[in-house]
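Written below as structure tokens is the structure these notes are about.
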Amino acid sequence: MHKTALWKRLIIWGLCLVGLLFAMPNAFYTRVETHNDAHLAVEKGESLTPEQVAALEDWPQWLPSGLVNLGLDLRGGAHLLAEVQVTDVYQARMDSFWPQVRDRLRDMRDQVGGVRRQPSAPHELRIEVQNQEGLQAAVASIRQLSTPVVSLTGVGQNDIEVRAEGRVLVISLSEAERAAMDERTIAQSLEIIRRRVDEVGTREPTIQRQGADRILIQVPGIGSAAELKSLIGTTAKLTFNPVQGSARGPDEVAPPGSKVLPSMNEQGVYYIIETAPVVTGEELVDAQPSYDQNGRPAVNFRFNPSGARTFGDYTAANIGRPFAIVLDEQVISAPVIQSHIPGGSGIISGNFTLEESTELAVLLRAGALPAGMTFLEERTIGPELGQDSIDAGKRAAIVGTIAVAIFMVVIYGSMGVIANIALIINGVLLISMLSLLGATLTLPGIAGIVLTLGMAVDSNVLIFERIREELRAGKAAGRSIELGFDKALSAIMDANITAIITAVIMFAIGSGPVRGFAVTFGLGIITTMFTAVYVTKLLMYIWYTHIKPKRVTAGGLIRLVPDDTKINFFRWQGVTFGGTIGVMVAAIIITITMGLNFGIDFKGGTTIRTESTQEVNISAYRDALHQLNLGDVNISQVFDPAFRADQHVAMIRIQAQDGAEAVTPEVITAVEAAIKTADPQVMIASVESVGPKVSSELIWLAIGAVAAGSVGILIYIWMRFEWQFAIGLVAACLHDVVITLGIFSLFQIRFDLTIVAALLTILGYSVNDTVVIFDRLRENMAKHKSMALRDLMNLSTNETLGRTVMTSASTLLALFALLWFGGDVIRGFVFAMILGVVLGTWSTLYVAKNIVLYLGVDRGDDSEGGEGKAKKPKKRLDHEFANIDA
């Protein structure tokens, strides 16, 4: 066995140590979390409590303090998906523009006659004129009111377009201006929401744009989605105050009738301002990025009539003095009054960049949401349910890892111990990567970690099985280990890259639980490849050269698959392949006729999870809810071996309400009150509400995700092998997905977004399995040029059968641990994965190869006695299948 270069060993162990260092804070989660909270308070300049001071000193500053963030399903909290009604802003803009247009047209009365505003789209202003002959002059006059679009993408374009339609003057916002307004509206909404949420002091809120006009809001620790919606709707406090001077610090005593406030953008700068404002944000009509008379970025602002009079009088009397623009007790700007500002409009100029002027305009408008919001999706996770999920995830992870570790030692002996050490390092590296990225761990994410550990041994199995083959061939132990790693590398790379393709597609197309699973699964594949190719090899080198075992066997107490099997996988072709086709057809018919039991992700509606110490009385619940007239209400009890003896759980599913995208807080309150009449001990553990708009989108998103995963895999396999292999592999994947859907339809198991994640993972797993056989087939085609394709396939399948069975068994061990200990929340997901492993193993052995055999493979120049050169697939089909039972 070749010695690994010193510099390589140092890099490998260095990366492992760095991973351990960055993963370590998660072992002291609460301690580090309170330390981080105290450190954040210091950065904000807040006064620390004695407990925060102690927490700050409780964790060394020189150690990493990054943690894996816990998602709502683990910590509890509220989730909202809001759609910003940007058309409200268009309407407001055109309404405010109408007085200017009206005044301009009044001055042209002798040309256009009388004018009358007509109903129009939100982004348009339609005005009918009396005299059509003067319409072109009116068009030219109104065009003079246009201004350049203030955005990086709208350079050289104006904000309005003016045209004539018969006797109607049409003024519309240009595409560039609408795009700029959309960006400003979303930016303003994000800023307002972020400020409102920050006031609560919650830990690790997620507030981010999603798509063109949606905002995702996730706030751990908050009581309910209704509470979060109320918080977001709170109006910000915006005032314009006289400035008396500057202060040396926040503790400086201000004169009576004044106060000390910090600057928002200048660290360490404080102002003394008068407490009584000149005007407030309630009187501010608009603020937009603009340019001053010198062409430099600035901000235009405008007050309503009452605010304009007050502000005009103040500026006339205070020229040369600064005034403060205060938002939420912070000074965002303190410009000097250069001149009297009549009419309620002014400009804030300074040494701004375009981005800074846009941001200042956003802050000025941050007093209230710029447009209405429609909440398309709401979820509330109670803290008790979150803790139950954490406990269930821990149990599943511990039991699954121990089961896989014991299994590896029993099968591979000393090499199994090495695989387990690499498995532990793999888990540490995965946690460290999640911590470094600040990724959010959800319950599907825990499933991804457990599944990663189950599948991580696959690479080691490939290596160990190769070592066994070389040892059986009579090669020396050191040489066998070296060849085992070298020959397994190609299959390891192909199998894991196809899995990465599905993870990337899940992350790009999916949302919510699908993305949470994709992150951990994708990162787990990366760490698995590193530990299998480098760490395991280095551990094997240390074991072989330093411990010096007397005998290297790569074997343990038992052997699942005998050495040198000679199974003819084509012997019962009519039963295996023909039966498979029959089952697929039946699954399609069942799915079409019975349909899938769609969850609220795809059907819309509301799911409420209740918990009680008393037995669930479904009929009493139903009678209590009947009076609310909620339409179709389904109530079912949840049974789980992981539940406590006094834990009784029910799921209440309410259809989507007409005219509403999400359930109202009043409905949730009414449901809770009604259920408590039947069971006073009941509590609502979680609420999930998805509107019809989102649910219809998610259906197509799910179809697109599965299709994109299949196409991505097909392209990669086509590039790595031949098109026949790609077709065979996709057919095998289709078999797994179709039969899984059929089983879900037959037993009416709930089908939601997490099951889509399972289907995508099934694709990756099935490909992983099949690619290993295809990789060996390609190797054998070059080695045995005179052997018939059917015989080559049998040989390759038998040579890799030990790996196929071992990988399936280890993955199933991890999945059964999840199924039993992981809790009911992810049970459907895990069940789909177990189906996928079983079906994937079958399709690997009896579907993919048959398709390739049917299509034939161009093997070029074969040796004498072979199948000839470049035969047509049909001829090869006749030849191969005619001799299939010979």
Next item on the list: Work from the charge dipole of the chain (Cβ charges, +1 for Lys and Arg, -1 for Asp and Glu, about the Cα centre) and give the residue of GLN647, GLY438, PHE407 farthest towards its positive end.
Entry: PHE407
Notebook entry, point to check: Taking H as built 1.01 Å from N, whose amide H comes closer than 5 Å to the amide H of VAL285, not counting residues under 5 places away?
Noted result: ARG302, PHE303, ASN304
Item checked: Computed lengthening from ASP292 to ILE618, 0.36 nm per intervening residue step minus Cα-Cα distance -> 110.5 nm
Note to self: Amide H of SER246 versus every other amide H placed in the peptide plane: which residues, excluding those fewer than 5 positions away on the same chain, fall under 5 Å?
What the structure shows: ILE272
Next item on the list: Let me know the longest stretch in the chain that avoids all GluC sites (Glu not before Pro) found in a DSSP loop with at most 14 other C-beta atoms within 10 Å.
Entry: 330-614
Item checked: the chain: antiparallel DSSP beta bridges as a percent of all, rounded to 5 -> 95
Check: So, with +1 on the Cβ of K and R and -1 on the Cβ of D and E, and no other charges, what is the size of the charge dipole of the chain about its Cα centre, to the nearest 20 debye?
Finding: 3020
Check: In what sequence do LEU462, LEU216 fall when counting other Cβ within 10 Å, fewest first?
Finding: LEU216, LEU462
Next item on the list: Can you put SER339, SER414 in order of Cβ neighbours within 10 angstrom, beginning with the fewest?
Entry: SER339, SER414
Margin query: Give me the extension gain from ALA54 to THR576: residue separation times 0.36 nm, minus the current Cα-Cα distance, reported in nm with one decimal.
Written below: 181.1 nm
Next item on the list: Calculate the translational D of the chain in whole µm² s⁻¹ from Stokes-Einstein, where the hydrodynamic radius comes from the Kirkwood formula applied to all Cα pairs, the temperature is 20 °C and the viscosity 1.002 mPa s.
Entry: 67
Checklist line | LEU145-GLU227 FRET efficiency (beta carbon distance; Förster radius 45 Å; 0.05 resolution) | finding: 0.50
Margin query: Projecting each Cα onto the charge dipole of the chain (Lys/Arg +1, Asp/Glu -1 at the beta carbon, about the Cα centre), which of VAL767, ASN241, ILE542 comes out farthest on the positive side?
Written below: ILE542
Notebook entry, point to check: In debye to the nearest 20, how big a dipole does segment 238-364 give about its Cα centre with +1 on each Lys and Arg Cβ and -1 on each Asp and Glu Cβ?
Noted result: 380
Notebook entry, point to check: Quick one: if the Förster radius is 41 Å, what FRET efficiency do VAL561 and ARG644 give, using the C-beta to C-beta distance and rounding to 0.05?
Noted result: 0.50
Next item on the list: Give LYS537/LYS785; LYS475/LYS849; LYS394/LYS676; LYS229/LYS259; LYS44/LYS259 a once-over and call out the pairs whose C-alpha atoms are over 26 Å from each other.
Entry: LYS537/LYS785; LYS475/LYS849; LYS394/LYS676; LYS229/LYS259
Notebook entry, point to check: By count of other Cβ within 10 Å, fewest leading, how are HIS123, HIS39 ordered?
Noted result: HIS39, HIS123
Checklist line | For the chain, calculated [θ]222 nm from helices alone, where every DSSP H run of n ≥ 4 adds -39500 (n - 2.57) | finding: -18000 deg cm²/dmol
Notebook entry, point to check: Say R0 is 25 Å: what FRET efficiency, to the nearest 0.05, do VAL155 and ALA212 get from their beta-carbon distance?
Noted result: 0.70
Notebook entry, point to check: What helices does the chain hold that run 24 Å or longer along their axis, going by alpha-carbon atoms, with a Kyte-Doolittle average of -0.5 or more, using DSSP H for the helix calls?
Noted result: 6-23, 383-412, 414-437, 443-472, 477-509, 513-530, 573-594, 692-720, 723-746, 753-783, 801-821, 827-846
Next item on the list: Work out which chymotrypsin sites (Phe, Trp or Tyr not before Pro) in the chain are exposed loop sites (DSSP not H, G, I, E or B, at most 12 other Cβ within 10 Å) and give the longest gap free of them.
Entry: 63-638
Check: Taking the Cα centre of segment 605-690 as origin and charging only Cβ (+1 Lys, Arg; -1 Asp, Glu), how large is the dipole, in debye to the nearest 20?
Finding: 120
Next item on the list: Give me the Kirkwood hydrodynamic radius of segment 47-107, using the inverse of the mean 1/r over all pairs of distinct Cα atoms, in Å to one decimal.
Entry: 18.2
Next item on the list: Filter the trypsin sites (Lys or Arg not before Pro) in segment 207-299 to those in DSSP coil with at most 16 other Cβ atoms within 10 Å of their Cβ, and list the result.
Entry: LYS237, ARG248
Item checked: Gain upon complete extension [ALA27, SER120; 0.36 nm per residue less C-alpha separation] -> 27.4 nm
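Since every read-out is calculated from the coordinates, none of them should be taken as a lab result. This structure is a prediction, so every number in the text was calculated from the model and none was measured. Counting neighbours? That spans all protein chains shown, and the Cβs are built from the backbone with ideal geometry, glycine included.
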